[in-house]
Amino acid sequence: MIVPATVDDQASVVALWQACGLTRPWNDPVADFARAVAGAESAVLVMRGSAIDGTEDAILGSVMVGFDGHRGWVYYLAVAPDRQRGGIGRALMGVAEEWLRTRGAPKIQLMVREDNVAALGFYEALGLERQKVVTLGRFIGKEGA
């Protein structure tokens, strides 16, 4: 079952993001989670179920979504490492896309590090295409990129 995360899910979701290698020192995942859960145009969606270790109501996967009024964005798609390649990521992307569609997002976008071949293959298999844009950036907060 995929449902919106609550503030009580923060530690489990952030731990999942870390286990999947999605966090970076310049992004505070706790703050990202809190903003998304509290936002009117954002959410963290989680798939709950039985973990392989028998834990009931465990968070098996998550995805953060947001709509900026122009595009829908997907961040932090994560599936528990011992549950990957079982359809959870595909289900989370389907629900994320529907969440964005119901808010009027005409386009869905996400960023993948260019060396993450597995993630690129996953998204391409779902029909997402590489866009002819270049992402530019600069750190304006914490140092250490």
Somewhere in region 58-79, is a residue within 22 Å of residue 114 (Cα to Cα), of a type in the set (Gly, Ala, Ser), out of contact with any strand residue (DSSP E or B) (no Cβ under 7 Å at 6 or more places or on another chain) and surrounded by fewer than 17 Cβ atoms within 10 Å (Cβ to Cβ)? no
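Condition check: hydroxyl-bearing (Ser, Thr, Tyr) and surrounded by 15 or more Cβ atoms within 10 Å (Cβ to Cβ). Does residue 42 satisfy that? Show your work before the answer.
Details: hydroxyl-bearing (Ser, Thr, Tyr): yes; surrounded by 15 or more Cβ atoms within 10 Å (Cβ to Cβ): yes.
Criteria met by residue 42.
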Per the filter on region 1-55, residues of a type outside the set (A, V, I, L, M, F, W, C), closer than 17 Å to residue 91 by Cα and in a loop (DSSP other than H, G, I, E, B) are 50
Residues (among the aliphatic types (A, V, I, L, M) and either in contact with a helix residue (DSSP H, G or I) (Cβ under 7 Å, 6 or more places away or on another chain) or at pLDDT 95 or above (or both)) located in region 13-34: 13, 14, 15, 16, 19, 30, 31, 34
Do we have any residue at all in region 67-82 that's part of a loop (DSSP other than H, G, I, E, B), touching a residue at least 24 places away in the same chain (Cβ under 8 Å), under 22 Å from residue 121 (Cβ atoms) and not polar (S, T, N, Q)? yes
Which listed residue is under 22 Å from residue 117 (Cβ atoms), surrounded by fewer than 12 Cβ atoms within 10 Å (Cβ to Cβ) and over 11 Å from the mean Cα position of the chain (by Cα), from 8, 82: 82
Contacts under 6 angstrom Cβ, first residue in region 116-145 being among the basic types (Lys, Arg), partner modelled with pLDDT under 90, 6 or more apart: 142/26
Would you say residue 105 is among the aliphatic types (A, V, I, L, M) and either in a helix (DSSP H, G or I) or closer than 16 Å to residue 59 by Cα (or both)? no
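The values are calculated or read from the model by the stated rules, or taken from the named source; none is laboratory data. All values reported here derive from a predicted model rather than from experimental measurement. Note that we place each Cβ from the backbone using ideal geometry, even for glycine, and neighbour counts take in every protein chain shown.
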